[in-house]
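The block underneath contains the structure these notes are about, expressed in structure tokens.
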Amino acid sequence: MNIPDAARLSQSLLTKLQQVIVGKEHVLQQILLGLYGGGNILLEDFPGLAKTLIARLIAQVTGLEFKRIQ
């Protein structure tokens, strides 16, 4: 995949995610960067601010597996 195709795919993913998750564009971008880099991602925030929802949606949109660990 070339860079313009990857950019279009990334923008498409962000657009789909932002239809459900409002006001967290920077967080979503950072998560995608972590996925592209092959790293682990730790979501930290106050309770009730959609961390589990974000993780579940990213997994669904990208075809990855989701497991929640507390």
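Can you bin the stretch 2-59 into rounded, prolate or oblate? Criterion: square roots of the alpha carbon gyration tensor eigenvalues sorted a ≥ b ≥ c, rounded for a/c under 1.5, prolate for a/b above b/c, oblate for the rest. Please report the intermediate quantities before stating the final value.
Working: a/c = 2.49, a/b = 1.49, b/c = 1.67.
Note, shape of the stretch 2-59 comes out oblate.
Kindly express, to the nearest 10 degrees and within the range 0 to 90, the angle between helix 25-36's C-alpha long axis and the longest C-alpha principal axis of the chain.
It is inclined by approximately 70 degrees.
Every number in this text was worked out from the coordinates using simple rules, so none of it is lab data. Just so it is clear, the structure is predicted and the values come from calculations on it, not from any experiment.
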